[in-house]
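Working notes, beginning with the structure itself.
The values are calculated or read from the model by the stated rules, or taken from the named source; none is laboratory data. All figures in this text were calculated on a predicted structure; none of them were measured in a lab. Cβ sites come from the backbone with ideal geometry, for glycine too, and all protein chains shown count toward neighbours.
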Amino acid sequence: MADDEPLELEVRPVTPERWPDLEKLFARKGGPSYCWCMAWRADGDERERTDRRSRKAQMKLRVVEREEPVGLLAYADGKPVGWCSVSPRSTYRRLGGVEYDRVDESKVWSIVCFSIHPSVRRRGVATTLIAEAVDHARRHGARVVEAYPVDPDSPSYRHMGFRSTFEAAGFEHQGDVGTRRHVMARRVRAKRS
């Protein structure tokens with residue numbers, strides 16, 4: 001893939017059959033194998049087991065045994081190159097989101113983090129994943145999709161995405177969480193059949 005070629009992506013939800021692809025993307029050098037995207041998800045006993053092996057087992061349990069929605073994988077040339085964590089907000093620990101008038105908590109979904117393979121960074125993978133995450137959430141009944149990005153100069157939480165990317169995708173600022181993260185939201189309508 002040349003850097004100037006348009007990147008054609010296929011985006012798919014993580015399913016038990018796609019577990020090996022998630023494993024491959026996360027286990028690569030520089031991948032998020034230290035957390036397995038469980039930092040915001042871990043609850044109860046899971047919060048006590050924070051080593052790599054435990055977090056991987058926790059994620060695998062959710063994907064393979066429970067078949068919970070956990071996120072999306074982006075593929076380029078048949079290889080996994082990007083990850084976006086998107087699922088109902090209730091499946092995460094408190095993220096600092098807001099309440100929405102006339103929207104039940106079960107209808108609020110959250111985009112929490114990204115992992116993009118270095119070979120395809122700055123080629124629109126995050127933008128594509130955001131659009132697909134919104135559509136995925138909508139198909140599953142979401143009425144609001146929330147995210148918690150930072151400004152580009154933030155020294156931490158960069159894996160949660162950048163505010164400007166979400167603004168370009170139609171998300172609006174709802175407030176701030178801590179000193180770095182912004183709460184951004186986009187209302188969505190039911191998908192018509």
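Yes or no: the range 102-113 includes at least one residue that is within 30 Å of Glu48 (Cβ to Cβ), touching a residue at least 24 places away in the same chain (Cβ under 8 Å) and surrounded by fewer than 18 Cβ atoms within 10 Å (Cβ to Cβ). Yes, the range 102-113 contains a residue that is within 30 Å of Glu48 (Cβ to Cβ), touching a residue at least 24 places away in the same chain (Cβ under 8 Å) and surrounded by fewer than 18 Cβ atoms within 10 Å (Cβ to Cβ). In the range 117-149, the qualifying residues are those that are free of Cβ contacts under 8 Å to residues at least 40 places away in the same chain and buried (at least 20 other Cβ atoms within 10 Å of the Cβ), and the one that is farthest from the chain's Cα centre (by Cα) is Pro149.
Is one or more of the residues making up the range 66-74 within 18 Å of the chain's Cα centre (by Cα) and among the β-branched types (Val, Ile, Thr)? Yes: the range 66-74 contains one or more residues that are within 18 Å of the chain's Cα centre (by Cα) and among the β-branched types (Val, Ile, Thr). Here the condition is being at pLDDT 90 or above and on the phi > 0 side of the Ramachandran plot; of Gly82, Gly44, Gly71, it holds for Gly71 alone.
Only one entry of Pro80, Pro16, Pro88 meets the criterion of being surrounded by 21 or more Cβ atoms within 10 Å (Cβ to Cβ), in contact with an Asp or Glu (Cβ under 9 Å, 6 or more places away or on another chain) and not β-branched (Val, Ile, Thr), and that entry is Pro80.
Identify all residues within the range 165-193 that are modelled with pLDDT under 95 and on the phi > 0 side of the Ramachandran plot; write none if there are none. Result: Gly175, Gly178. Selection of the range 61-75 for residues being crowded, with 16+ Cβ neighbours inside 10 Å and more than 15 Å from Thr91 (Cα to Cα) yields Leu72, Leu73, Ala74, Tyr75. Among the residues here, Val86 qualifies as of a type in the set (Val, Ile, Thr), closer than 20 Å to Pro16 by Cα and touching a His at 6+ places or on another chain (Cβ under 7 Å).
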